[in-house]
Amino acid sequence: MPLQISDRVRALGAQAQDALSEQFARIDAIAEYNTQKVLSAFQTHKVAESMFQGTTGYGYDDLGRETLGAIYADLFGAEDAMVRINFVNGTHAISSALYGVLRPGDVLVSAIGAPYDTLQGVIGITGDGNGSLKEFGITYRQVDLTPENTPDLPGIAQAVQDPAVKAVLIQRSRGYATRASLSVARIGEICQVIRSHNPHVYILVDNCYGEFVETTEPTQVGADLIMGSLIKNPGGGLAPMGGYVAGRRDLVECAATRMTVPGIGRECGASLGNNRALYQGLFLAPHTVAQATKTAVFAAKVMELLGYRTDPMSQEIRHDIIQMIHLETPEAVERFCHGIQSGAPVDSYVTPVPWDMPGYDCPVIMAAGAFIQGASIELSADAPMRPPYTVYLQGGLTYESGKLGILLAADALLRK
Ligand SMILES: *Cc1c(COP(=O)(O)O)cnc(C)c1O
């Protein structure tokens with residue numbers, strides 16, 4: 001039984017796909033390069049069946065877990081890495097790094113405007129402040145973007161000169177902001193500006209949504225520590241939970257004392273039965289990320305053909321897997337999200353409705369039908385229900401399924 005997609009929309013999809021051969025070839029070439037990196041690292045570290053066993057209880061001497069950390073370090077050009085299911089999400093991995101390196105009296109600078117929503121509660125910008133960095137006497141400063149929505153390099157240079165500044169946070173992906181995502185090269189330029197004005201400061205990069213979209217990672221262009229989530233890009237759609245930190249060994253150790261406790265650090269944290277999924281997910285990740293990136297590009301092209309504004313536009317080079325589509329009306333947002341939901345392999349029969357999510361100032365609608373709860377490497381769409389009624393789309397485990405999801409969304413949009 002074919003899915004209910006009109007001939008008009010199917011034709012539109014074919015037209016969009018035909019126009020994207022150059023983009024797709026570029027994305028495939030990156031996936032091939034990154035696959036070679038991953039395969040080579042697996043071989044260097046002699047990955048073997050015995051590493052998939054994992055540990056229980058305290059989790060001492062988990063060979064698979066430790067080797068996976070070494071593989072991530074190699075892939076990211078980093079001294080060290082810690083890859084753990086014990087991180088409950090990306091926010092936890094990023095917070096462990098922040099609490100790990102900062103001390104009372106220190107200043108944290110966010111270089112690219114406000115950080116991701118969930119980190120604002122960690123820092124103490126939003127929420128009741130209980131347990132936040134602020135409550136522990138860490139001062140937060142923010143370098144806003146320029147009026148053109150780009151990084152303010154002179155502003156960053158000035159902000160980091162204060163010797164009380166201990167760490168600078170850079171966010172690679174746009175998250176739910178309207179600015180463009182940063183290329184790794186751009187992150188390198190920002191790192192250089194920071195270094196030349198303060199050689200002692202730690203540069204931390206929130207790497208969420210960026211892994212394997214390019215052929216290098218921020219640790220290769222000057223970042224001291226990068227952090228991310230395993231239910232996004234590097235988990236390849238198979239990791240059931242977790243996060244990672246990678247970078248300077250002393251800073252990875254700092255994060256480890258916060259992931260568990262001082263004195264124990266990374267020695268503990270059983271992997272249970274998950275090592276195989278984490279290895280296999282990493283093996284698939286370059287390919288999976290390419291599938292998600294192609295889905296994003298395809299969505300942009302289809303929506304452009306229908307007359308909508310997209311960001312990035314379909315022909316633009318990608319730095320993360322997020323696609324913004326400006327749908328302009330609440331009805332269009334709901335229809336689009338219903339279409340995405342109807343294309344999911346799981347929960348396709350449910351109807352997403354806007355609801356008041358904790359931490360947001362307006363109702364949010366979310367469409368997702370994923371094998372891993374909340375996994376945004378799987379096709380998903382969400383939108384705050386407020387002007388300019390922009391939907392954020394990400395993921396797609398396979399381009400074929402991603403494409404069908406987009407066609408169903410386009411169909412729902414047109415079926416007035
Ligand atoms: C997803 C994400 C995070 C962490 O989110 P979790 O939901 O805690 O995994 C942080 N920063 C950015 C930019 C993200 O996209």
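Derivation of every value follows stated rules applied to the coordinates shown; laboratory data play no part. Being a predicted model, the structure only gives us computed values, none of them experimental. So basically every Cβ, Gly included, is an ideal-geometry build from the backbone, and we count neighbours across all protein chains shown.
Along the axis of the charge dipole computed for the chain (Cβ charges of +1 for Lys and Arg, -1 for Asp and Glu, origin at the Cα centre), the listed residues 71, 272, 287 are led at the positive end by 287. Cross-link partners of residue 232 among lysines, defined as those whose alpha carbon lies under 23 angstrom from its own and excluding same-chain residues fewer than eight positions apart: 37, 294, 403. Here the mean projected area of the convex hull built on the C-alpha positions of the stretch 300-416 is 7.1 nm². This model, with +1 at the C-beta of Lys and Arg and -1 at the C-beta of Asp and Glu, gives the chain a dipole about its Cα centre of some 180 debye. Ordering 349, 140 by the number of other Cβ atoms within 10 Å of each residue's own Cβ, fewest first, gives 349, 140.
Neighbour counting of Cβ atoms within 10 Å sorts the residues 232, 37, fewest neighbours leading, into 37, 232.
Please rank 65, 179, 249, 141, fewest neighbouring Cβ atoms within 10 Å first, as an exposure proxy. List each step's numbers first, then the result.
Values: 65 24, 179 18, 249 12, 141 15.
Listed from fewest to most nearby Cβ atoms, that is 249, 141, 179, 65.
Over the stretch 51-279, what portion of Cα pair distances is larger than 24 Å, expressed as a whole percent?
More than 24 Å apart: 40 percent of the Cα pairs in the stretch 51-279.
Candidates 122, 14, 374 compared by Cα position along the dipole of the chain: farthest toward the positive end lies 14, with charges placed on Cβ. Computed over the chain, the convex hull of the alpha-carbon atoms projects to a mean area of 20.0 nm².
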